[in-house]
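Please read the structure below before turning to the comments.
The numbers here are math on the coordinates, done by the rules we state, and not lab data. For clarity, every value in this text was computed on a predicted model and none was experimentally measured. Positions of Cβ are generated from backbone atoms using ideal geometry, with glycine treated the same way; all protein chains shown enter the neighbour counts.
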Amino acid sequence: MRRFIFFTSLFAFIHLFTVSAQINNELPDSENDTIPEERIVFTPTKASEYISNLLGIDSLWGPAGEAMKHSLTRLVDHYHEPMDSLKRRLMSFEYDSIEITPTFLSRRDTLPLRWLNKSTFIVDTIPLDREPFKREKTIVMNKVDSLILSFRYKEKLPPIDHLIDSLLMARDTIIEVYIDSLYLQSNQIQMHRVLNDSIALTDSVLLHKNVVPPLLPEGSGKTVRFLTDSSGFVISERYRVLMAEKDSPFFVVPGERMTDSLKYAVQTLFVHTEVRDSILLYLNDIDGRRTPFWLSVGDSDQHRFWVKNQANDSITLWIGNPTKFDLSFVLEDDVSVERREQKRVDDVPITTFTPARVLATIKPLEEIPIFWRYGLSSSFTMNQTYFSNWARGGESSIAGLLDIRGTAEYANKEQKSKWTSSGRLRYGAIVTEAHGFRSNTDEIEINSQYNRVLRQKIDFSSVFYGKTQVAKGFNYPNDSVVVSKFLNPGTFTIGVGFEYKPFPKTSLNFSALSYRNTFVLDTANINQTAFGIDRDLRSRQEMGGQLVVRNSISILDGLNINNVIRLFSSYLDKPKNIDVDWEMNLEKQINWYSRIRVNFHIIYDDDILFPILDSAGDPVLLPDGSPRKAPKMQLKQFLGLTLAFRI
């Protein structure tokens, strides 16, 4: 720091000497009338005074001048007292020798008063735009007896004049002055009233009791008294403080340990300043290129610097900065300086070596398991037929089918387990001119299956299958009687068994122990016998075995065939009669969003009976007169162009 101040002062002296010489050389002589350009020259003292004067002008600095003003203040302070002198004075100060004594101080505040009358006053600290008084003028008319006037002026009036003069009136004007209390309240000025004007106005206790409202709140700890001329009052307060001794630079200190805290704060700042401050050096090479290098504290890293000669030969030096005022130079390791000389070719040593090559060990990448996979697909199929003057007959119609499927699959290879759940909603309707809106497809299916690997291609399996519908169903053309609705009927099957996968897209799931429940909740409006349930029951419960076959194959060019066959046999009721539920889909992809789909759905349930019709179409009756019924195969087929979307 001392060297820095010395070089700074030397540079300022040389600069001042050079400027003075230039001014002396540019003074006009007697033969030349031209006036040279005025130059501003400052001594360090004058420069400090000039900057200090500018810092004292508040109107000079704008909102964006705080940084400039702060920098100039630090520059002036540094000129008045260098950092080393400041450090020596602050670090040598004896902070521990200052004695702090508790004492009491008093402070007073005088407020002016304005008396509105002999007993009412206000604190005159808020300027008013007018006088706080109201003046009212009243005119009073008094009757005057003419006889009194006649005796006063000794005049004798005739009787008629006497009656007229008896009506004479005397006029008088009365001016009354009131305190405008509403005006004072609007300006938030409180009026005070002295109850007893004979009290001593300088007695604080009597004054507090006889002024309404009091000038000070209860328990404030302050005292109040009027001035001798009653033009104001003085508020006094006595408070406890910690006072330093007279010879110290402090007066009232905030705490007993303030001097210790100040001592450690000064030491902390000086240590921080010593570490933070740095000196910038420039290292020049032979070509004049400058490399900046900072001298700072705490930088233990070494920096490389290339030293070259006239022949452009170079060596590497490592320059370190152990302290703020020291430099360390270290030559690069494995550097040998030799003179170039001419040698014969035979004398040039040629060193050959074979590098050691070792194959690195490769670790296989660890697969990040993804346990859950989700899928959502939807398709919308629409058919439209229009007839106009068609000789063969026909009916215009619009039909549509919405098919939404969602899947959630959990797979854990380490535990050899897999849980697959899916849901499906199929709803279709047709609109015709003759019959209006009708639903032709309405299904809700829920599947959930848990598998655990036992052996290759054989898994332990547990399944759940549920089926119902969304909207109300009618046996068209009769659309007045509801034959089915949501959960009427409803069917669910729970089974435990095994699953065999002979091929990648083929699986056979056999649940040797299965439970199937077919129920109708609203038997008052829905005929449960149409779904194989006895007339006096709401559900049909069956124990048996279930076989589910799933297969998916692709033939020709992009034609996919998906089959799902469910076979169920009841162990307790006609086990030879097997219920069949077979759905087959044929799909042909046209482009990325459309395909042609053909759907076949066949159901055969031995418990669902249908009336038997004769050749004339009439039901065949039994001897008791009831219609004869028998199980029949249920078939539903759909063909259409489908718009499919997958997520």
ask   = Given 20 °C and 1.002 mPa s, how large is the Stokes-Einstein diffusion coefficient of the stretch 520-647 in µm²/s, with Rh as the Kirkwood radius over Cα pairs?
value = 119 µm²/s
ask   = How many nm is it between the label spots at residue 94 and residue 527, if each spot is 7 Å from the Cα in line with the beta carbon?
value = 11.9 nm
Under the Debye formula (equal points on every Cα, no solvent term), log10 I(q)/I(0) of the stretch 393-432 at q = 0.24, 0.28, 0.31 Å⁻¹ = -0.82, -0.91, -0.98
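So how much slack lies between residue 212 and residue 291, counting 0.36 nm per residue of separation and subtracting their Cα-Cα distance, in nm? Numbers along the way, then the final one.
Working: separation 79, 0.36 × 79 = 28.44 nm, distance 8.29 nm.
Separation in residues times 0.36 nm, less the Cα-Cα distance, equals 20.1 nm.
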note = In nm², the average projected area of the convex hull spanned by the Cα atoms of the stretch 411-555 is 11.9 nm²
remark   = With label points set 7 Å from each Cα along the Cα-to-Cβ direction at residue 53 and residue 573, the distance between them in nm comes to 11.7 nm
query = Roughly how many whole Å is it from the C-alpha centroid of the stretch 536-583 to that of the stretch 589-613?
reply = 14 Å
ask   = Efficiency by 1/(1 + (r/R0)^6): what FRET value for residue 307 and residue 342, r their Cβ-Cβ distance, R0 = 45 Å, to the nearest 0.05?
value = 0.95
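DSSP loop chymotrypsin sites (Phe, Trp or Tyr not before Pro) in the stretch 483-520 with at most 16 other Cβ atoms within 10 Å of their Cβ, which ones? Walk me through the numbers before you get to the answer.
Numbers: sites: 486, 492, 498, 500, 510, 515, 519; in loops: 486.
Qualifying residues, ordered by number: 486.
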note = Each label sits 7 Å from Cα toward the beta-carbon; between residue 240 and residue 325 the label points are separated, in nm, by 5.1 nm
task = Distance check, please: which entries in 472/501; 467/629; 467/501; 472/574; 413/505; 467/505 exceed 30 angstrom between their Cα atoms?
result = 472/501; 472/574
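Estimate the FRET efficiency between residue 72 and residue 43 by the formula 1/(1 + (r/R0)^6), using the beta-carbon distance for r and 22 Å for R0, to the nearest 0.05. Write down the numbers at each step before the final one.
Details: r = 18 Å, r/R0 = 0.80.
The formula returns an efficiency of 0.80 here.
Between residue 368 and residue 503, what FRET efficiency follows from the Cβ-Cβ distance if R0 is 22 Å, with the result rounded to 0.05?
Details: r = 29 Å, r/R0 = 1.33.
With R0 = 22 Å, the Cβ-Cβ based efficiency is 0.15.
Give, in nm to one decimal, the length gained when the segment between residue 386 and residue 332 is fully stretched (0.36 nm per residue of separation minus the Cα-Cα distance).
Fully extending the segment from residue 386 to residue 332 adds 9.9 nm.
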